[in-house]
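Taking it in order: structure first as structure tokens, then the write-up.
The values are calculated or read from the model by the stated rules, or taken from the named source; none is laboratory data. Given the structure is predicted, the values throughout are model-derived calculations rather than measurements. Cβ: placed from backbone, ideal geometry, glycine included. Neighbour counts: every protein chain shown. Remember, those area values only see protein heavy atoms, side chains included, never the ligands or the DNA or RNA. Shrake-Rupley method; radii C 1.70, N 1.55, O 1.52, S 1.80 Å.
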Amino acid sequence: MDKLLVNPFKFGDPVEGDYYLPRPDLANAVLQFLQNRIHVVLIGPRRFGKTSFALNLLKKFEKESYLCLFVDIYNITSHRDFLQQMLRALRTLKGWKGKIKDFLKSIPTLRPKFSADFDLDTGAPSFGLSFDQASDKDVKELIQDVLAGIENLGEKIIVVIDEFQKVTEIEDKGWLEATLRTHMQQLRNTSFLFTGSRRSIIYDMLNNPDRPLYRSCQPIEFPSFGEEFTDWVLDKFTTIDIKCERSAVQHLRTLVQDTPNYVQMVCFHLVARGKSHITEKEVDHALGTVVRQNAYAYQTLLTSLTPTQQRALRLAGREGKQIFSKELLQKYEISSGPALASAIKSLKDKGILDDESSGRGTVIFDDPLFAVWFQISFEN
Ligand SMILES: Nc1ncnc2c1ncn2[C@@H]1O[C@H](COP(=O)(O)OP(=O)(O)OP(=O)(O)O)[C@@H](O)[C@H]1O
Ligand SMILES: [Mg+2]
């Protein structure tokens, strides 16, 4: 391919290789814990690179002949979904067909339900459909059996559960949380790595003595990149002969709250548009375009909110700081401080504003581009 056609930036999906800037300090810290069978929860904002990090870490573990399971539960709504995702993770294990065959054979509850669509002799996999009719009791039993069976998959095992706060959204009176806890303790050869973005939910899971996962894991905050990320971005531009100012990258990082996904996204657009010299002004322009492309989604989200919530968001997006000041309440037509506080609380519950938004009148958007949209819309 023509060199110029290869865009060195990539966004959206998890990244690896040339598109991934390693995080060696974080990797070493997590590695140490997991090797010593201390389960870890990585807590970080959305689109910060948690999944990419976990997948890259698993490669290191695989080199040390660990068996690694990656379970993505972002979209689960039920125990059945959770089970599906566990089975999917097993299915994608490379080179472990034989083991999986034995594994499935070792689960008596699973076998009859899979016989229809999983050939135990050839290992030709097609899980899933046959337990659609299974009762919730069966599904719970299967989850327990599959978790218990993990132990037999290998000598040293790592299980990653991505977006793990989702287990709390299933209304089962904490059954799944408790089941995970039991197996985290019982599986002597298995370490768990959880990732999640809803900070307050996760800290409650870990710090509330009434909950099953109380003090069961080491929490680690997913850090922002340092200056090395700016260097890395500048290097990428250099490889395709684009001159980019350091200040432009720094400016971009600030605008998108240092979210790697959006840094890469805006850089991708700058490259695609064939800019040869990138300054802060180019960054503003590209970011504006990206945000306007999302306008429909933002507008739709906005109309699903109450008028006070809408005004609160507009205030937060445009001002960001000291949002409880009298002048701002007046300017944005919000009746009182408590009315604003209650709107902010609903917006946090909806996941639109970050849990981190502190009492000191500073707000952080879950999606920094949404905040930028407020800044460039509603101008006179
Ligand atoms: N280490 C990294 N180096 C460079 N870019 C990165 C890195 N990590 C993440 N990114 C950027 O962020 C994007 C999203 O990464 P990833 O899906 O791993 O994040 P996430 O935190 O799991 O997101 P989500 O909250 O949507 O699950 C990638 O496509 C890439 O553009
Ligand atoms: Mg992810």
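With a 1.4 Å probe and all protein chains kept in place, how do T306, T259 rank by accessible area, largest first?
T306, T259
Here the Karplus curve 6.51 cos²θ - 1.76 cosθ + 1.60, taken at θ = phi - 60°, turns the phi angles of segment 328-338 into couplings of 5, 4, 5, 4, 9, 6, 10, 5, 7, x, x Hz, with x standing for Gly and Pro. Taken over the C-alpha atoms, segment 235-380 has Rg and Dmax values of 17.0, 54 angstrom.
Summarising the amide proton neighbourhood of V41: residues at separation of 5 or more, or on other chains, whose placed amide H is nearer than 5 Å comprise F194, Q218, I220. Working note: Debye formula, equal point scatterers on the alpha-carbon atoms of segment 131-213, no solvent; log10 I(q)/I(0) at q = 0.16, 0.18, 0.19, 0.21 Å⁻¹ is -0.69, -0.86, -0.95, -1.11. Nonpolar atom fraction for the chain, defined as the carbon and sulfur part of the 1.4 Å probe accessible area, stands at 49 percent. The Rg/Rh ratio for segment 15-101 is 0.97, where Rg is the radius of gyration of the alpha carbons and Rh is the Kirkwood radius.
Relative to the first principal axis of the alpha-carbon coordinates of the chain, what is the inclination of helix 307-319, with its axis defined by its Cα atoms, in degrees from 0 to 90 and to the nearest 10? Roughly 70 degrees, rounded to the nearest 10. Projecting the Cα atoms of H277, V291, Q309 onto the charge dipole of segment 273-326 (Cβ charges, centred on the Cα centre) puts Q309 farthest toward the positive pole. Relative to the Cα centre, the charge distribution of segment 203-313, modelled as +1 at Lys and Arg Cβ and -1 at Asp and Glu Cβ, gives a dipole magnitude of about 400 debye. If every alpha-carbon in the chain counts as one equal scatterer, what log10 I(q)/I(0) does Debye give at q = 0.10 1/Å? One equal scatterer on each Cα of the chain leads to -0.78. In order along segment 262-275, phi translates into HN-Hα couplings of 7, 4, 5, 5, 5, 4, 4, 5, 4, 5, 4, 7, x, 5 Hz, rounded to whole numbers, per the Karplus curve 6.51 cos²θ - 1.76 cosθ + 1.60 with θ = phi - 60° and x for Gly and Pro.
Rounded to the nearest 20, the size of the Cβ-charge dipole of segment 138-250 about its Cα centre is 260 debye, with Lys and Arg at +1 and Asp and Glu at -1. For D72, the residues 5 or more places off, or on other chains, whose built amide H falls under 5 Å of its own are D162.
So in the chain, what percent of DSSP beta bridges are antiparallel if you round to the nearest 5? Numbers along the way, then the final one.
Working: 1 of 22 bridges.
The antiparallel proportion sits near 5 percent.
Only helices enter this figure: runs of n ≥ 4 DSSP H residues, each worth -39500 (n - 2.57), summed and divided by the residues of the chain, yield -15000 deg cm²/dmol at 222 nm to the nearest 500. Note that the chain presents 50 Å² accessible area per residue, ligands and nucleic acids not counted, probe 1.4 Å.
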